[in-house]
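Report on the following structure.
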Amino acid sequence: NRISLGVQSFDTQVRRRLGRKASREEAIAKLTELAQLEGVALVVDLMYGLPGQDAECWARDVATGAGLPLDGLDVYALNVWPNGPLAQAIAGGKALPLPALADQARAYVEAGRALRDQGWRQISHAHYARTPLERNVYNRSVKEGAACLAFGPGAGGNAHGLRWRNTSDLALWEA
């Protein structure tokens, strides 16, 4: 009864840097199609602090998400893990530098303001709902230790003390 997709950004260039294959237009078209499913909450994750993402890009991302027929919208900061692939790419000059922490804080505040101004309800620190279909049950349940069975490519799950992530390679996942 819930579809949650990690869009991260609608900007095609930023999406390409993240390894996302769909362009802005393709992502919007697919979300518009999925929104037609009755009784299914459609939720999108957007991230701020991405390499190459400036304040204008982030504002467009939030405006785009808010303008789509979504039930929920999450706004998260990018986490860069020490010694992880992104940290190494940035250190080696192979990835664009990240926005400053102060810029990321402004992005969070501006997103919340924009969403609340458009009638979205803030239901957790980073989660907003527009319709009654999105009740934040998933996020609250997982934080309380409920099992989460992940089915789609790239989806993450946990149960019985184990955490996993499904491969995002569609052909491998289908096999």
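Below are the figures for this structure:
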read-out	value
Unit charges at the beta carbon, dipole of the stretch 1-119: most positive-side option, V14, A102, V43	V14
P(r) weight above 15 Å for the stretch 90-135, C-alpha pairs, percent	57
Neighbour net charge for P69 - beta-carbon separation under 14 angstrom, K R +1, D E -1	-2
Stokes-Einstein translational diffusion, the stretch 1-55 - Kirkwood Rh over all Cα pairs, 1.567 mPa s, 4 °C, in µm²/s	109
Cα pair distances in the stretch 69-148, grouped into 5 Å bins until the bin that holds the longest one, percent each	3, 13, 17, 15, 16, 14, 13, 7, 1, 0
Mean Cβ count within 10 Å, highest first, over the residues of peptides 139-152, 40-53	40-53, 139-152
Segment C148-E25, length gained on full extension (0.36 nm per residue, minus Cα span)	41.2 nm
The stretch 1-137: Rg to Rh, with Rh as the Kirkwood radius over Cα pairs	0.97
Local electrostatic count at D117 - Lys and Arg +1, Asp and Glu -1, tallied over other residues with Cβ under 13 Å	+3
Contact order relative to length of the chain, as percent, for alpha carbon pairs under 8 angstrom and 6 or more apart	18
Separation between Cα centres of the stretch 89-127 and the stretch 6-78, rounded to whole Å	13
Ellipticity estimate at 222 nm from DSSP helix runs (n ≥ 4, -39,500 (n - 2.57)) divided over the chain, nearest 500	-11000 deg cm²/dmol
Peptides 158-167, 108-117 ordered by average Cβ neighbours within 10 Å, highest first	108-117, 158-167
For the stretch 92-97, Karplus couplings with θ = phi - 60° (6.51, -1.76, 1.60), whole Hz, Gly/Pro x	x, x, 8, 10, 5, x
Mean accessible surface per residue for the stretch 1-156, computed with a 1.4 Å probe while every protein chain stays in place, in Å²	56
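The values are calculated or read from the model by the stated rules, or taken from the named source; none is laboratory data. Quick caveat: nothing in here was measured; it's all calculated off a predicted structure. Quick reminder, even Gly has a Cβ in these numbers, built from the backbone with ideal geometry, and neighbours come from all protein chains shown. Keep in mind that these areas ignore ligands, DNA and RNA; they rest on the heavy atoms of the full protein, side chains included. Shrake-Rupley method; radii C 1.70, N 1.55, O 1.52, S 1.80 Å.
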